[in-house]
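Reading through the structure tokens given below for one structure.
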Amino acid sequence: MLKKVGAVAAFAALASVLVATTAWGSAKAPARASAAAAKTIKCGKTVTIGIAYPATGPAASLGAPQFDWASYAKKRWNKSHKLKIKLVVGDTKLGDSPGLAVPVAHSFGSNGKMLAVVGPAGSQEVQDSIGIYKKAGLVAVSGSATRIFLTRAKTGNPRETPKGYFFRTVPNDGQQGDAVASWIHNKLKFKHVYIIDDEEAYSQGLANQVAADLAKFGVTAGRNHISQQQQDFSSVVTAIPANTQLVYIPWQLPGQAQTFYNQLHAAGRHAKIMGSDGTDAPGTFQPNGNGYVSGFPVDFTSSVLKSFMKAHNHQPETFGIPSYTATLVAATAISKACKAGHGKTTRAAVRKRVPKVKLSAKAGLLGFGIQFLNKNKATYQGPGDMGGTANFAIYQITSGGSYKRVG
Amino acid sequence: MHLLLFNIIDQIRSLGWGGAFELLRNGIVLGSLYSLIALGYTMIYGILKLLNFAHGDVYMVGAFLGFGVLTAFGGALNPGIGLVPLIIIMFAVAMLGSGVLGVGIERFAYRPLRNAPRIAPLIAALGVSFFLENSAQLMTNGFQYNYDAFQLGGKNGNFGPLFDPVFTVAGNPVTVVQVLVVGSAVTLMAALIFLVSRTRLGKAMRATAFDQEAASMMGIDTDRVISSTFFIASVLAGAAGVMYGLYIGTTFYFMGFLAGLKAFTAAVVGGIGSIVGAMVAGVLVGLIESYAIGYVGGQWSDIVVFGILILFMIVRPTGLFGAQAIQKV
């Protein structure tokens, strides 16, 4: 009995210490974040980059390749550079309610060694946390937040992120939506399309963009919605009109897209299917002979891609590649800032270096060179977006299951 | 609102009788799975007055065990044994494995809390649920695993016999796998009713559910009865997991969450503690979901299903088949 009481008392004491420490930590966090923003940081041998991604929760399957690719960038960088990088992980639990993007931002902001952040993964997470990153003076480079208005003002509203604090190594929804709708109308010449989003911000934004573009072209586009937890699509398939020529599914989970295709096919429907970069996963999404995806113009024969696949025993998915590129962007900016500061730097100096980073198509792995815009371009792009030829390609999925670039 | 109603009427018209039947078929198949899971919630609640939130995750583990067997025998595209023995082994391993897991959960997470305040086992149930989900996520890297059930037993990547039509109604096929799911679910439910109403174990389960202390004083080993209840409930969830894999074609670590929530809804709507109620309400939830997706739109299906839960709680707090509890004051 005494032993039991002792154990309970010890546990209670430990819990009180933990609670007190946490409470102290949260009360001091904003002050420490502001202090860290102005602090001069010694670069030393290793510099710290945060990575904010969904390590657990419903979207963990999206976070896993992002983390793997970012870790791979770290490994390759550290092999070839004197100044090493270290990744500090922040699990944002994207898709869970409540998500943790804000606490992660506070924690990164308070970390006196942190110089830049890769992520956050979701556009909603960027909206929620960018103010905290700004206060902490940290720059965020996301490999998957594609909402247009993060970088470009909507009529009557300011842009959703402060200029100079948010960058992305992925073309935005406007660019992808245009590429997809043009392909459907100009090349496939389809007149009846059915769009199904997965109710996440990424999917809805893209679906809305494609629907608006198709409407301009005079293409009829029906609409339905599913959730990311849903796997039985039999009734969704029933609701698709019989004359539908193409079902567009801008989803984030390639396995779910494949399940949908199987059920569509099993129901005797012969409509083609088209996915987005979220489903761009050869080996997982295989509507063989009946499908298309929009994705990055990645060179699948690249030795870097091959060695990544070998190391991670993965199918050649491409969703995580922009996180590899984002890590390189952050590392390059830090390295240059450290060099300019003779072994010392600040978050502000790193932030100012990011828009000047240039990576070749070969180095960035995305099929186009990385160069950030410093002013608005065309209808959708703004500072923080990539300029140059950064855009999506269209792949046809052949009857053998390989992805063949067609647009 | 008018626009929504107009859209629904338009959709009903455009889908016609053929579409209505398809939705009926889809709803019955999906509802059969919900029923099997709901039975577990209702049995465990009936005997322990515990909402076992980890039950949906036992179903997920069952689906993975079935997938493991399929993979061990070479996968759907190249199975090393015949289709029928393969499916039997998948069911056997998943049911047994889930049953053992259920017993383990009861023994190590719930039994020590048997005399604790009722909130304690509830929190433990949530903890077990998170533990199972996150363990599965770590073991599977968060990826979805494809049963490839569509190709199971098929040649050259074509659909296998599971997707052959058994009969057609108004031009709509009812496939082998759909008959298998509904048939297996009905058989298992019938077996459960027989077990509970006609066997010694069933009598002991009923006695324990009625008054655990009195049952114990009458010489019933209540711990053993409770373990058996967990075993049976988990066996049903394991079977549902394999059926899901064969019918839907996929399995992933988070699949137990929503299915568990809907099955729990069915258990409550049916009158928690009532076996017949869980069976009927499971099918009802499946049908409502199916028609909501088909006629109203996917974004409304959860609103409709969970709206019904609220409505039922207001109109009939005891559910469809639930009995009014008499409390001594």
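Readers should treat all values here as calculations from the given coordinates under stated rules, not as data from a laboratory. This is a predicted model, so every value here is computed, not measured. Positions of Cβ are backbone-derived with ideal geometry, glycine not excepted, and every protein chain shown enters the neighbour counts.
For the pair residue A:154 and residue A:88, how long in nm is the line joining their label points, each one 7 Å along Cα→Cβ?
About 3.4 nm separates the two model spin labels.
Take the Cα gyration tensor of the range B:28-148, multiply each eigenvalue by 5, square-root it, and list the three semi-axes largest first, rounded to whole angstrom.
Over the Cα atoms of the range B:28-148, the ellipsoid semi-axes are 30, 16, 13 Å.
For a quick check: sort B:133, A:199, A:125 by the number of other beta carbons within 10 angstrom, fewest at the front.
A:199, B:133, A:125
Quick one: grab Rg to one decimal and Dmax as a whole number for the range B:35-257, Cα atoms only, in Å.
Taking only Cα atoms of the range B:35-257, I get Rg and Dmax of 18.9, 63 Å.
Put a dot 7 Å past each Cα toward the Cβ at residue A:187 and residue B:314; how far apart are the dots in nm?
Here the modelled spin labels are 5.2 nm apart.
The range B:140-236: percent of C-alpha pairs farther apart than 16 Å?
Summing the P(r) of the range B:140-236 above 16 Å gives 71 percent of all pairs.
Quick one: net charge of residue B:26's neighbours, Cβ under 13 Å, K/R +1, D/E -1?
-2
Mind ranking A:208-214, B:171-177, A:382-388, A:354-360 by how tightly packed they are, going by the mean number of other C-beta atoms within 10 angstrom, highest first?
Put in order of decreasing packing, that is A:382-388, A:208-214, B:171-177, A:354-360.
Give me the Å³ per residue figure for the convex hull around the C-alpha atoms of chain A.
For chain A, the hull spanned by Cα atoms encloses 171 Å³ per residue.
Using only Cα atoms, locate the centre of the range A:185-238 and the centre of the range A:239-294, then give the distance between them in Å, rounded to an integer.
11 Å
Divide, for the range A:344-407, the radius of gyration over alpha carbons by 2.2 N^0.38 Å, where N is the residue count.
1.52
If one takes the longest principal axis of the Cα atoms in chain A, at what angle in degrees, from 0 to 90 and to the nearest 10, does the Cα axis of helix A:101-110 lie?
Orientation of helix A:101-110: about 30 degrees from the principal axis.
Loop-only trypsin sites (Lys or Arg not before Pro) in the range B:220-329, please: DSSP not H, G, I, E or B, and at most 15 other Cβ atoms within 10 Å.
B:328
Taking all pairs of distinct Cα atoms, average 1/r, flip it, and tell me the Kirkwood hydrodynamic radius of the range A:253-324 in Å to one decimal place.
The Cα-based Kirkwood calculation yields 13.0 Å.
Which one of B:43, B:243, B:189 has the biggest mean-square fluctuation once chain B is modelled by GNM with Cα springs under 10 Å?
Among B:43, B:243, B:189, the largest mean-square fluctuation in the Gaussian network model of chain B belongs to B:189.
How big is the protein assembly as shown by Rg and Dmax over its Cα atoms, in Å?
Here Rg and the maximum Cα pair distance are 27.5, 84 Å.
With the contact rule set at Cα under 8 Å and sequence spacing of 6 or more, what percent relative contact order holds for chain B?
34 percent
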